[in-house]
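Colleague: Dropping a structure here in structure tokens format, bear with me for questions.
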Amino acid sequence: MKVPPAASSHTSCQLHNGPIAAIAFLPAALASTPWATLDGQMPGRTLIARLEQLGISQAELARRTGLSTKHDNQVVKDAIGVSADVALLRERETGIPAAAWNRLDAAWRERQARARAEAYPKAADR
């Protein structure tokens, strides 16, 4: 699998506090890529970090993908998730495989759901 040179040293995100745990369920072909360290990170943070690495703006990404800048901004603000179709568009423009975008989004959504579930006591604990 070809890894874009601009991302070859990406092991943590400046917008995140330090290294991020590896995604344990990535296929072997992706497990050794820089994207394998993004589990639990909000997809919008990953997007912003990658755009900074590539030196392109959200507006330029929107132009290249045919999506609106509003759509990208909603992902950045965690108002919406990353669909499979959008993951394919992002793969083409960011070099991060669609599978990694999909897993990143799923892991983030699960993390949020668990946080919400932990906020409520279990029925047995009441």
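Colleague: Considering each residue of the range 86-108, count those that are over 18 Å from residue 71 (Cα atoms) and not hydrophobic (A, V, I, L, M, F, W, C), and give that number.
Modeller: So the answer is 3.
Colleague: Given (1) under 17 Å from the mean Cα position of the chain (by Cα); (2) surrounded by fewer than 19 Cβ atoms within 10 Å (Cβ to Cβ); (3) modelled with pLDDT of 90 or more, identify the lone condition not met by residue 59.
Modeller: (1)
Colleague: Residues to consider are 65, 11, 33; find the one that is modelled with pLDDT under 90 and surrounded by fewer than 18 Cβ atoms within 10 Å (Cβ to Cβ).
Modeller: After applying the criteria, what remains is 11.
Colleague: In the range 68-92, which residues are of a type in the set (Asp, Glu), outside any loop (DSSP other than H, G, I, E, B) and surrounded by fewer than 17 Cβ atoms within 10 Å (Cβ to Cβ)?
Modeller: 85, 91
The values are calculated or read from the model by the stated rules, or taken from the named source; none is laboratory data. If you're wondering where the values come from, they're calculated on a predicted model, not measured in any experiment. All Cβ positions, glycine included, derive from the backbone under ideal geometry; neighbour counts span all protein chains shown.
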